[in-house]
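The numbers here are math on the coordinates, done by the rules we state, and not lab data. Treat the numbers as computed from the prediction; the structure is a model and nothing was measured. Every residue, glycine as well, gets a Cβ built from its backbone with ideal geometry; the counts of neighbours run over all protein chains shown.
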Amino acid sequence: QEFLTLNTAKPPFVRDVEEKVRRYLRSSYSAVWTLKITWEKAPAYTARTDTRRTITYQAILTTDGFRSYILALYQDGGMQWDYTKLAATNVLIGYT
C-alpha cells in the first residue's frame, strides 16, 4: 500500500511511522512517501507446503525526500520459525 503525503493530510498509519522514526532515531522527520508491504501467513522458505507454521511481517519504506528509512515489523513474538529444523543453515532475518 502506497501513501503519498506531500501536501496532503497524513493517515494515522503514516503518523505512526513518523513517530517510530522520531522515537528510535531521535530526529525530526516528516514523510512525503511511505510504502507498506505485508506478507501474511508466510511459511518458512523450505516449508512452503507446511501452513501450520507461518509468520506475518511487514517492511515499511519511507522517505522525506532526503533521508530514507526501512522498518521491519514482525508479529508479536518475533519470527517464529524454528530455523534449526530448516534444511538451509544460512538463515537471515531482516535485510542486507
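For region 1-30, what are the residues that are aliphatic (A, V, I, L, M) and either exposed (fewer than 13 other Cβ atoms within 10 Å of the Cβ) or in contact with a Phe, Trp or Tyr (Cβ under 6 Å, 6 or more places away or on another chain) (or both)?
Matches in region 1-30: Leu4, Leu6, Ala9, Val14, Val21, Leu25.
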Taking region 1-25, which residues are more than 14 Å from Leu73 (Cβ to Cβ) and either within 15 Å of the chain's Cα centre (by Cα) or assigned to a strand (DSSP E or B) (or both)?
Glu2, Phe3, Leu4, Val14, Glu18
